[in-house]
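I have placed the structure first, in the form of structure tokens, so that the comments after it can refer back to it.
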Amino acid sequence: MSRFLVIGIVVAACLVLLVPLAGSQYLTTHVTRILVYAIFAVSLDLLVGFCGLVSLGHAAFFGIAAYATALLADKVGVTNVLISLPFSILCATGTALVIGLLTLRTAGIYFIMATLALAEMLYFLVHDNDFFGGSDGILVLSRFYLGSTSIDVSDPVIRYCVVVTVTVAVLVGLAFLVRSPFGRTLQGIKSNERRMRALGYNIARYKLACFVIGGALAGLAGHLYLLLTSLADPSILDWIHSAQVLMMVILGGLGTLVGPMVGAFVFVELIDQMSVLTEHWKLAVGIVVVVATLFGRGGIAGVAGRTRAWGVGAKRPIT
Amino acid sequence: MTKETMISRRAFNKAALALSAGSVTAATPLRFSLGAEALKIGLILPYSGVYANFGEGITAGLEFALKKRGGQIAGRPVQIVKGDDQLDPKVGSEVAQKIVTRDNVDLVIGTVGSNVLPVLQKIATDNNKLLIVPTAAGNATTREHCHPLVFRVSHSNWQMTAPAGPWLLKRGPKRVMTMGMNYATGKEEVNAFAEEFKRGGGTIVDQKWPGLKELDYQAYFADVLAQKPDAMFVFFAGSNAVEFVKQYAQAGLKSRVPLYGSAYLIDSTLLPAQGPAADGVITSGHYAPTLGNPANKKFVAEYKAATGRDADMNAMHGHDSLEVVALGLEKTKGDLSDKAALSKAVQSVRFESPRGPFRFSRARNPIQNIYAIEAKDGKLNVIETIQRDVEDPTEACKA
Amino acid sequence: MSLLETQSLTMYFGLLAAVNDVSLRIERDEIHAIIGPNGAGKTTFLNLLSGELHPTTGSLYFQGHDVTRWSPDRRARAGIGRSFQHSSVFEDLSVHENLRLAAQTQFPGSFGFFQSADRYDDVHERVAEIQSALSLTASENTRAGELSHGEQRQLEIGMLMAISPTLMLLDEPTSGMSRNETLDLINILRQLAAKHTVVLVEHDMDVVFELANRITVLVNGSVIASGAPDEIRADKAVRTAYLGH
Amino acid sequence: MENVGSERVDLLSARSHAISYRAVAVMEISTFLIQVLNGIQFGMLLFLIASGLTLTFGVMGIINLAHGAFFMIGAYLVFQFTRHWGWPLPLAFSSAVAAVVVIGSVVERSVLAPLVGRDHLDQVLVTYGLILIFDELAVVFWGKDVQPAAIPSLLRGSLQFGDIFVYPVYRLALTVAGLLCALGLYLLVAKTRLGMIVRAGSYDRGMVSALGINVDPVFALVFGLGAALAALAGILAAPILSVSPGMGDKIIIIAFVVVVIGGIGSIKGAFVGALLVGLLDSFGKVLFPSVSSLLIYALMAFILVWRPSGLFGKAT
């Protein structure tokens, strides 16, 4: 890892830690939201960037976990994060396992469409069913706590601290994961599937493992999202939501860990600023997406990597 | 939460906020003695997405009303901070968070989608802001979720269609089939009608719930012909309403099974696209631009003169939202710091709205007339008043 | 028992029989070359052996097991390794990483989720051995995609060495190589042949006759001759049908 | 009060189930026929869009999410030409199709051609960006309101046999138009040189360039044809649907389902897929109303599990 990157991460970490001290509740929740999307984006990057699995149904796992958390709070009254967090991740993981088993039989566009189809089924299941709150979703009115009721996770600052901790844990975990033999194997699959098979790798099993881990992490993000907004509604299961996260990953840079986080930040801010500037912000966002994809190979991380003057070494082929 | 405990907690919350966040703005005294301090109104509406024209119409109506008041409310100049919720709760919660906590507006007006309203309401009330709801009509807002600082200017879903039940029975039809878009508003409006229709002795022969993403309703029409109901009562809105009304007429059903529905089926923004297919369709609602009362005639004429646009339900909602704020704040002399007094002042607002006499129920939903509106040659004509002073049931509201 | 045996192996693409009724035995420790004119079905035959293709009819036995329906990775785990005609290395990854990915399959204990891949010493040693055997040590951090063609072919062989298969299937290993590179590779292959059974598809007759101890000639998907190099050299049918003189 | 309310809803939905099951039992032959007609008609509409999608993919290898934009632009242009400029319908109709072909070619040359041979991922993102751009341009030019589109006077009214069998003339016309297009496409693919290339492409895209064909004009031609078909679909559908920004978005996903069910690149597959989806949609709404929305997705998931490359797709 280059010195520049280390310095960058340290500076970013300091900034992140300073956020609550700035005293603006908005800033705190805003950064919380970006971090939640950063986890979500990085979980999708594990599929797309490290394993070559382009999914348009990734929001399903995010949504399932958010709904699981909301239902647990609304129907059972459990608002202890120590219970609802594992529960919701378990739900997302189980869903990812089933969807993965079904969709990984297909490849290429068929895989993209199969993931989209299954996610749309979940969308309609939730949307058309009163148990899930129908089109308006489930709004959790009670507050969430961590372990003991004295740690109020619905408080913006405490929630922020929790989300920062989780984000760091996810990043560190993934940094180890992608350097492990397992992570290297995924990169090999993405690079040359046929060759991996000839070396004796059981590709299907690795892809499924990758898909399920990605699903579990998306579930983690979904759980945190619910802590943030208290609302689980069908729009979080929509394929458009998946497409947006995919854009974050692409904007930031495929196959990197920091890229998708930067992408999440840029994407959220882009829409935010554009929608303030002009009513026709979709036009601007559309143009940015088209241009960035056509010309900005490797996303922001890639462009930064190519700009050697910045000191980001482009020598290392991977990571 | 009762008003008393809420008020006593207000000061505490404010202090806690100032302490925990060290926020400068939150700690600024909200005393009104500064006189010229601008009144900041957060306006959160869908300006993009399928209901964007709702957002536009409400904004136009609101700005018209503000202009008529010389840009001032209770002697304070008004600053409007707009936010586009895109009819998406994910976006809505972000925008609401920004406008309520960063821009620190004095009160919030919003929104249209009943899917976005819950997050908006949560953020507004968590931060002790007055919330005026210009359109979103979910029953729960002024029932289970009712709150002393949340006032709705439009109507509840129940209010829109329930009176049409007994009214339709009196007109003749005894066996009615219903159809409604499969989402909360569609279900609430259609079920309110169906319930009252059955209570009066009518029969609901079948209920259809087409999905939001469906384009083509033709497949349902064969069933309508087979079951031969006396009438059809429906809820559709936006482009789906255009599709439904056109397809219903094209299928030759309009002359066989008369079509009734909620006023969203044929509002004046949709009517040009529906064309002759809408002729003779009768809807129940709280407003039509052709209402003959003096307040409406004045509103329609002045609105047209000022904006060049034809008045519609959305413009009226925008107009009335601002009127409610203005009349309420005049009673408190522009002071929003005492939430109990503020709530009480707004609650007691009464005026002649373009839709007819306007006052709030105990649950802070309007008590208003519901009319039968017929589409004819590109116009919406009020053919009779279905029921005067309709009030949404308030039992579920404990606050 | 032969190491590998095919029974009436036949592969149709549409109406065309790319491989037609081929019954062949590959004995342990031999270097068995498959030759034939372009379009004779050599690569298709190799793909049938490695499992990339499944035959229309016929069957395939490896070490006595019927492997006809086995997937390529299962065959690889059972000991059938292959190289590809067009270099098929991991272009985005470094040389070292290419070899490491191959080598780690041989150490079941090396599959962790969290410990860095570089911490597994036995894998590391294996990679180092191969790198020095193939003189790739100097370029171990180079992206495989940036290597010269000859080096990529070597890396391809190196990955095969790393998984140490019982049976090696080599698809035109010298294609596109210079004379010197070819000579180097012949030396390497000879060393490999000492430890492995090799099926070699090759069009360079010098290489074939230099290395092979059995040769099978395919024409239009069918075997027209099979035997020791001298027999093949002398075979009239082969000379007319293939060697052209 | 609210508890009573939710109980009430349950009772009502249970009741509507009972009714629809009864409807199954006694579904009369005329009702059945109408549903078959509906299914075919919706299927033909889908086919017009799906055939363009599948052509673009089969020949160029491009997944174009923005194909629905051509559907929308076609409808808007006819609206613009007839309502604002007062052109006669045939002129408006043909000009709109021609204009969409021009727009399509510009898009193809400028944005999609560079994507040939690149990741599906890039294609998905760029064409998603194009959706945003086109939808918003529609708002810029024509506003957010729904615009009118009338049925030509010749095709108004409905056919009636007996009491129950009533069917709009326009829908029959739409079905016939769709079938004619399908026939035309069949002839094109079966009998012409372009068709040969298309068939080669759906089998193996490498083959197209291996045949030594200069691909650029072929790509342009195929893409233009696809855009024209989508525009035609939009124009024909405008009188029964609504002309509004994003009108293509709802239908494009269903069209993709059709393409995937049929097998990407296969016109025959698109035709069969379109009929399957059309019929399932039409009967599903009546027979299984509570799950009708997700039926077509379930069908697609089922088919992909059974045949991972669709019904007529090339096995990978």
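The values are calculated or read from the model by the stated rules, or taken from the named source; none is laboratory data. Keep in mind the model is a prediction, meaning the values are calculated, not measured. In this analysis, Cβ positions are derived from the backbone assuming ideal geometry, glycine residues included, and neighbour counts consider all displayed protein chains.
In the set (1) surrounded by fewer than 23 Cβ atoms within 10 Å (Cβ to Cβ); (2) at pLDDT 90 or above; (3) more than 9 Å from chain C (Cβ to nearest Cβ), residue A:203 fails one condition alone, (3). Would you call residue C:160 within 14 Å of chain A (Cβ to nearest Cβ), within 24 Å of residue C:30 (Cβ to Cβ) and either of a type in the set (Phe, Trp, Tyr) or outside any helix (DSSP H, G or I) (or both)? No. When each of D:94, D:110 is tested for being out of contact with any helix residue (DSSP H, G or I) (no Cβ under 7 Å at 6 or more places or on another chain), under 29 Å from residue B:272 (Cβ atoms) and at pLDDT below 95, the lone residue that passes is D:94. List, please: which pairs have Cβ atoms under 9 Å, are six or more places apart or on different chains, and start with a residue in the stretch A:154-173 that is within 14 Å of chain B (Cβ to nearest Cβ) and end with one that is charged (D, E, K, R)? Final answer for the pair search is A:154/A:143; A:155/A:143; A:158/A:152; A:159/A:152. Of the candidates B:176, B:190, B:205, the single residue that is assigned to a strand (DSSP E or B) and either in contact (Cβ under 8 Å) with a residue 40 or more places away in the chain or buried (at least 24 other Cβ atoms within 10 Å of the Cβ) (or both) is B:176.
Does residue C:153 qualify as being among the basic types (Lys, Arg) and either over 29 Å from residue C:94 (Cα atoms) or surrounded by fewer than 16 Cβ atoms within 10 Å (Cβ to Cβ) (or both)?
no
Filtering B:278, B:311, B:306 for residues that are outside the structural domain of residue B:87 (by TED's automatic domain parsing) and modelled with pLDDT of 90 or more leaves a single hit, B:278.
Every condition in (1) on the phi < 0 side of the Ramachandran plot; (2) modelled with pLDDT of 85 or more holds for residue C:236 except the one numbered (2). Taken across the stretch C:168-179, residues that are assigned to a helix (DSSP H, G or I), more than 9 Å from chain A (Cβ to nearest Cβ) and touching a helix residue (DSSP H, G or I) at 6+ places or on another chain (Cβ under 9 Å) do not occur at all.
If the condition is being surrounded by 19 or more Cβ atoms within 10 Å (Cβ to Cβ), among the β-branched types (Val, Ile, Thr) and closer than 30 Å to residue A:296 by Cβ, then the stretch D:71-102 contributes D:73, D:100. Exactly one residue out of D:283, D:271 is assigned to a helix (DSSP H, G or I), within 23 Å of residue B:208 (Cβ to Cβ) and touching a Gly at 6+ places or on another chain (Cβ under 9 Å), and it is D:283. Selection over the stretch B:66-90 of residues that are surrounded by 23 or more Cβ atoms within 10 Å (Cβ to Cβ) and of a type in the set (Gly, Ala, Ser) gives a count of 1. Figure legend. Inter-residue proximity from the stretch C:207-219: first residues buried (at least 22 other Cβ atoms within 10 Å of the Cβ) and hydroxyl-bearing (Ser, Thr, Tyr), second residues modelled with pLDDT under 90 and part of a helix (DSSP H, G or I), beta-carbon distance below 9 Å, spacing 6+ or different chains. Indicated pairs: C:216/C:232.
Among residues belonging to the stretch D:245-258 that are in a helix (DSSP H, G or I) and more than 8 Å from every other protein chain (Cβ to nearest Cβ), point out the one that is nearest to residue D:273 (Cα to Cα).
This residue is D:258.
Return yes when residue D:270 is crowded, with 19+ Cβ neighbours inside 10 Å, modelled with pLDDT of 90 or more and within 14 Å of chain B (Cβ to nearest Cβ) and no when it is not. Considered against the rule, which asks whether it is crowded, with 19+ Cβ neighbours inside 10 Å, modelled with pLDDT of 90 or more and within 14 Å of chain B (Cβ to nearest Cβ), residue D:270 comes out as no. Residues of the stretch B:115-139 that are part of a helix (DSSP H, G or I) and within 12 Å of chain A (Cβ to nearest Cβ): B:117, B:118, B:119, B:120, B:121, B:122, B:123, B:125, B:126, B:139.
Limited to the stretch A:106-150, what total is found for residues that are part of a loop (DSSP other than H, G, I, E, B) and closer than 16 Å to residue A:47 by Cβ? Total meeting the criteria: 2. Only one of the numbered conditions (1) in contact with a strand residue (DSSP E or B) (Cβ under 7 Å, 6 or more places away or on another chain); (2) facing another protein chain (nearest Cβ under 10 Å); (3) among the polar types (S, T, N, Q) is not met by residue B:203, and that is (2). If you go through the stretch B:291-314 and keep only what is surrounded by fewer than 16 Cβ atoms within 10 Å (Cβ to Cβ) and not acidic (Asp, Glu), you end up with B:292, B:294, B:297, B:298, B:301, B:304, B:305, B:306, B:307, B:308, B:309.
One residue is enough: does the stretch B:288-308 have a residue meeting the conditions of a type in the set (A, V, I, L, M, F, W, C) and under 28 Å from residue B:198 (Cβ atoms)? Yes: the stretch B:288-308 contains one or more residues that are of a type in the set (A, V, I, L, M, F, W, C) and under 28 Å from residue B:198 (Cβ atoms).
Of the helices (runs of 4 or more DSSP H) that lie entirely inside the stretch D:88-207, those containing 2 or more residues that are within 14 Å of chain A (Cβ to nearest Cβ) span D:89-107, D:120-142. For the stretch B:257-287, the candidate set comprises residues that are part of a loop (DSSP other than H, G, I, E, B) and within 25 Å of residue B:230 (Cβ to Cβ); within that set, the residue that is nearest to the other protein chains (Cβ to nearest Cβ) is B:257.
Going by what's in this entry, would residue A:270 be described as surrounded by fewer than 22 Cβ atoms within 10 Å (Cβ to Cβ) and either within 12 Å of chain D (Cβ to nearest Cβ) or of a type in the set (A, V, I, L, M, F, W, C) (or both)? Here the answer is yes, as residue A:270 does meet what is asked. Being buried (at least 18 other Cβ atoms within 10 Å of the Cβ), more than 16 Å from the chain's Cα centre (by Cα) and not assigned by TED's automatic domain parsing to the domain that holds residue C:26 is a property that does not hold for residue C:140. For the stretch D:273-316, filtering for residues that are basic (Lys, Arg) and away from chain B (no Cβ under 14 Å) leaves 2. Where residues in the stretch C:96-119 are more than 7 Å from every other protein chain (Cβ to nearest Cβ) and under 25 Å from residue C:201 (Cα atoms), which of them is surrounded by the fewest Cβ atoms within 10 Å (Cβ to Cβ)? Across the stretch C:96-119, the extreme among qualifying residues is C:103. Being outside any helix (DSSP H, G or I), at pLDDT 85 or above and farther than 30 Å from residue B:50 by Cβ narrows it down to one residue among D:310, D:212; which is it? The unique qualifying residue is D:310.
May I ask you to say which residue of B:261, B:280 is crowded, with 24+ Cβ neighbours inside 10 Å and closer than 19 Å to residue B:177 by Cα? Only one candidate qualifies: B:261. Among the residues of the stretch B:350-390, the ones that are in contact (Cβ under 8 Å) with a residue 60 or more places away in the chain and either of a type in the set (Asp, Glu) or outside any strand (DSSP E or B) (or both) come to 9 in all.
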